[in-house]
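Single-structure report; data block below.
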Amino acid sequence: MDQERQNSESLQSRESAEQQSVRARKGSSKPRGGRSVKPNRRSEETISSILDATEQVVLRSGADRISILDVCKLAGISRGTFYQYFSSQEDLLDTFSRHKRDNFHRVLMETVGTVEDPEARLEGLIAFIDDYLTESRARRLLVVAPDYALSFFRRIFHDSILRFQDALEIVFDDWDERLGVKLDRELVCELIIRYVLSEILVPEDGGRRLLPARVKRLVASLTMGSTARTRR
């Protein structure tokens with residue numbers, strides 16, 4: 001429980017810092033002249049347009065050859081407006097990475113966070129993974145910008161483990177009660193995430209439909225091995 005509490009506190013601390021960063025990005029950015037940009041809907045829409053355009057440019061040309069001018073053209077803004085919100089290409093790509101990661105986690109919790117039945121929540125998570133692998137542009141990103149894509153996957157990996165533990169909390173509670181053991185929740189979530197990444201790297205035709213059975217087999221094996229800790 002102490003480790004889970006530390007993980008939760010760590011996640012909350014990172015979320016707080018990142019939320020402050022996002023608020024600062026949306027409402028307190030400064031252009032080169034030093035004049036603050038007040039928070040408003042227009043500035044938020046501009047940032048959203050820039051990030052959407054960034055994704056199009058990255059998927060078309062890769063992250064190494066990203067053109068700020070191309071981003072501005074797609075977003076329908078001037079270079080001066082761009083520099084009101086971002087100081088450089090590196091700043092833009094860093095913000096874009098955080099935006100994609102936060103969006104992934106937001107949709108995850110919107111999909112399963114209000115589902116109270118453990119089995120239904122697990123099914124919701126599986127459906128979320130299936131939709132992500134079907135609709136995601138991650139494979140395209142891996143082809144056109146492999147270094148950037150791998151860096152992004154590493155960046156979200158540990159945060160995703162914590163998020164999946166939160167999303168599956170009532171599922172784990174139910175499994176622990178029914179199986180009479182304390183599962184290693186971090187390990188289970190890590191293996192699920194590694195499965196998602198493996199599907200991006202080496203897709204298996206039709207294999208995703210076997211995910212529910214595979215998760216159940218995984219849980220069964222964990223309860224019989226050293227990775228399942230007997231409840232004290």
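The values are calculated or read from the model by the stated rules, or taken from the named source; none is laboratory data. Quantities reported herein were computed from a predicted structural model and do not represent experimental measurements. Cβ atoms come from the backbone with ideal geometry, glycine included; neighbour counts cover every protein chain shown. To get the accessible areas, we keep the full protein, side chains included, count just its heavy atoms, and leave off ligands, DNA and RNA. Shrake-Rupley method; radii C 1.70, N 1.55, O 1.52, S 1.80 Å.
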- prompt: At a 1.4 Å probe radius, carbon and sulfur cover how many percent of the accessible area of the stretch 69-147?
  reply: 51
Sequence-distant residues sharing a close amide H with Val115 (under 5 Å, placed H): none
- request: Scan around Val181 for amide H atoms under 5 Å from its own, H built in the peptide plane at 1.01 Å from N, and keep only partners 5 or more places away or cross-chain.
  value: none
field: Normalised alpha carbon radius of gyration of the stretch 153-195 [divisor 2.2 N^0.38 Å]
entry: 1.20
- prompt: Taking the Cβ-Cβ separation of Glu135 and Leu187 as r and a Förster radius of 25 Å, what is the calculated FRET efficiency to the nearest 0.05?
  reply: 0.35
Modelled FRET efficiency - R0 35 Å, Asp174 with Arg154, Cβ distances, 0.05 increments: 0.65
message: Just to check, using Stokes-Einstein with a Kirkwood Rh over alpha carbon pairs, what's the diffusion coefficient of the stretch 101-218 at 20 °C and 1.002 mPa s in µm²/s?
response: 143
Calculated from backbone phi, Karplus (6.51, -1.76, 1.60) coupling profile of the stretch 55-65 in Hz, x at Gly/Pro: 4, 4, 5, 4, 5, 8, 10, x, 7, 5, 10
field: Shape metrics for the stretch 48-111, restricted to C-alpha atoms - Rg then Dmax, Å
entry: 12.3, 38
query: Ordered by residue, what ³J(HN,Hα) values in Hz, to whole numbers, does the stretch 106-120 give under the Karplus form 6.51 cos²θ - 1.76 cosθ + 1.60, where θ = phi - 60° and Gly and Pro are x?
result: 5, 5, 4, 6, 5, 6, 10, x, 9, 7, 8, 7, x, 5, 5
Derived scalar couplings ³J(HN,Hα) [the stretch 90-99; Karplus, 6.51 cos²θ - 1.76 cosθ + 1.60; whole Hz; x for Gly, Pro]: 5, 4, 4, 5, 5, 5, 4, 4, 5, 4
